[in-house]
Amino acid sequence: LTGSWIANEDTKYTVEYYHEQIEGGYDLNASDVRQGTTATEASVTAEDKADRENGKYTFDAEHESNVLSGTIAADGSLVLKLYFNLNEFEVSYEYTGEVPEGAPKVPAAEQVKADATVTVAEEPILKGYTFSGWTTTDATVEDGSFTMPAKDVKLTGSWIANDDTQYT
């Protein structure tokens, strides 16, 4: 009598996706159970590495905990792991309308990670003018701050000449 073994073609393995947290570290965000042939190589795909959540996260190819390929074990224990970093987006300020002579420079633009809390810059002051306040349609500002979305945010404000300014 002779016999032979045939590798199962429906052996399970798992792909796990880890997302950087704004507080630090990474959390398991999702996992995907797949099937393959026992004792063969499984690898993550280009689709697995694609940006996630509309560009909020980008695959970190250099992350030391990535497991991008491995041999499918008969017991289903293979786990491939991908780590994604929060992307940074720009917060910028701009005056609109006529800018009076002597107006302070707008605050410098800064790069901020998605999900971070951003405090809106203080309103500038210029004698003889009233500043409208910093506003944006790119994020929801509450109590002078907002949570950084996965896109650039531009805050704008304008100057209105006071008609009751006394000059000496």
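A few notes on this one:
- Among residues other than Y129 with Cβ under 14 Å from its Cβ, the summed charge is -4 (Lys and Arg +1, Asp and Glu -1).
- The protection proxy used here, the mean number of other Cβ atoms lying within 10 Å of each residue, ranks peptides 63-70, 81-88, 8-15 as follows, highest first: 81-88, 8-15, 63-70.
- Residues in segment 26-67 that a label on Q111 would reach, taking backbone N under 14 Å of a point 7 Å out along Cα→Cβ: 58
- Think of segment 1-141 as having a plus end and a minus end, set by charges on the Cβ of Lys, Arg, Asp and Glu; of A109, F131, V33, V33 sits farthest toward the positive end of this dipole.
- Phi-derived couplings, Karplus 6.51 cos²θ - 1.76 cosθ + 1.60 at θ = phi - 60°, listed residue by residue for segment 53-60: 6, 6, x, 5, 10, 10, 4, 9 Hz, with x used for Gly and Pro.
- Put simply, the convex hull of the Cα atoms in segment 1-56 casts, on average, a shadow of 5.4 nm².
- Potential lengthening between S145 and E122 on full extension [0.36 nm per residue; Cα-Cα distance subtracted]: 7.2 nm
- Label-to-label distance, N8 versus I160, with points set 7 angstrom from Cα along the beta-carbon direction: 7.2 nm.
- Computed from label points 7 Å out along Cα-Cβ, the spacing between T96 and T71 is 6.3 nm.
- Dipole magnitude for the chain: about 280 debye, using +1 per Lys or Arg Cβ and -1 per Asp or Glu Cβ, origin at the Cα centre.
- Sequence-distant residues sharing a close amide H with E53 (under 5 Å, placed H): none
- Under the simplified labelling scheme, the T137-A103 pair shows an inter-label distance of 2.0 nm, with each label point 7 Å from Cα along Cα→Cβ.
- When the chain is described by a simple charge dipole with +1 on each Lys and Arg Cβ and -1 on each Asp and Glu Cβ, the residue from Y93, G55, N162 located farthest towards its positive end is G55.
- FRET efficiency, 1/(1 + (r/R0)^6) with R0 22 Å, evaluated for D152 and T130 via beta carbons: 0.20
- Gaussian network model of the chain, springs between alpha carbon atoms under 10 Å - residue of I72, I22, I125 with greatest fluctuation: I125
- Cα point-scatterer Debye curve for the chain, base-10 log of I(q)/I(0) at q = 0.10, 0.11 Å⁻¹: -0.58, -0.64
- Filtered chymotrypsin sites (Phe, Trp or Tyr not before Pro), segment 99-168: DSSP coil and at most 10 other beta carbons within 10 Å: Y167
Each reported figure results from applying straightforward, stated rules to the coordinates on display, with no laboratory input. In this text, all values refer to a predicted model and were calculated from it rather than measured experimentally. Backbone-built Cβ (ideal geometry, glycine too); neighbour counts: all protein chains shown.
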